[in-house]
Amino acid sequence: MNELKSYLISGFAFGTVFSLLLIFNLGWKVGIPLGIVSGFAFGVRIYFFATSKTVKAQTQIAITESKIVYSGGANHFKNWEAVGGKLYLTKDQLIFKSHHFNHQNHELKIQIENIDLINYFRIFGIVPNGLVLNLNSGVKEKFVINNRKTWK
């Protein structure tokens, strides 16, 4: 249920921006209702996409469930793309595995001992769901996740 709430909040943000664009182009009588409907539809569609069997199968990792401490849907910033997938925390590493609906499919493994610092950031300077890892090597890895306090 927490995931659905998160996706509906994303839909609300999308609907708000879309409403503003429609209001400027078509007027408020059309823009507001279309923005509300499209925002709700966007949130629900993203929820069903993220929780689909296909995405779950594509983001599975070869570790037994008992070794996973925490997991959840995530986006990993790789170059210009926020690559969608799933993030796993085990006792000794953080693993991200993308689903195949991205341009830059990949799997990233970070040993916990290689993480110097964990900070938060806001997507577009507004949405508080970003997590940035500063690694010993000087590399920064950014993720968009739910429950970032739990992840930290």
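The values are calculated or read from the model by the stated rules, or taken from the named source; none is laboratory data. Computed from a predicted structure; not experimentally measured. Glycine gets a Cβ as well: all are built from the backbone with ideal geometry, and neighbour counts include every protein chain shown. Each accessible area value is taken on the protein alone, full model and side chains, heavy atoms only, with ligands, DNA and RNA left out. Shrake-Rupley method; radii C 1.70, N 1.55, O 1.52, S 1.80 Å.
A few comments on the model shown:
- Residue selection: residue 52 satisfies the criterion of being over 14 Å from the mean Cα position of the chain (by Cα) and either on the phi < 0 side of the Ramachandran plot or of a type in the set (A, V, I, L, M) (or both).
- Boolean, residue 52 is open to solvent by less than 50 Å² (accessible area, probe 1.4 Å) and modelled with pLDDT of 90 or more: no
- Checking each residue in region 113-140 for being farther than 21 Å from residue 7 by Cβ, in contact with a Lys or Arg (Cβ under 9 Å, 6 or more places away or on another chain) and touching a residue at least 24 places away in the same chain (Cβ under 8 Å) picks out 118, 133.
Residues are listed down the side, and each one gets a yes or a no for (1) open to solvent by 60 Å² or more (accessible area, probe 1.4 Å); (2) in contact (Cβ under 8 Å) with a residue 60 or more places away in the chain:
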site	(1), (2)
48	yes, no
81	no, no
87	no, yes
111	yes, no
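- Residue in region 86-108 that is touching a Phe, Trp or Tyr at 6+ places or on another chain (Cβ under 6 Å), within 30 Å of residue 16 (Cα to Cα) and not aliphatic (A, V, I, L, M) present: no
- Matching option when the condition is open to solvent by 30 Å² or more (accessible area, probe 1.4 Å), within 16 Å of residue 55 (Cα to Cα) and of a type in the set (Phe, Trp, Tyr), among 96, 101, 124: 101
- Evaluation of residue 135 against (1) open to solvent by 50 Å² or more (accessible area, probe 1.4 Å); (2) among the hydrophobic types (A, V, I, L, M, F, W, C); (3) modelled with pLDDT of 90 or more (one fails), failing number: (1)
- Count of region 13-31 residues which are within 26 Å of residue 128 (Cβ to Cβ), modelled with pLDDT of 85 or more and either surrounded by fewer than 18 Cβ atoms within 10 Å (Cβ to Cβ) or in contact with a strand residue (DSSP E or B) (Cβ under 8 Å, 6 or more places away or on another chain) (or both): 4
- Exactly one residue out of 59, 64 is loosely packed, with under 12 Cβ neighbours inside 10 Å, modelled with pLDDT under 90 and among the polar types (S, T, N, Q): that is 64.
- Filter pass, residue 143 being under 15 Å from the mean Cα position of the chain (by Cα), more than 19 Å from residue 3 (Cβ to Cβ) and surrounded by 15 or more Cβ atoms within 10 Å (Cβ to Cβ): no
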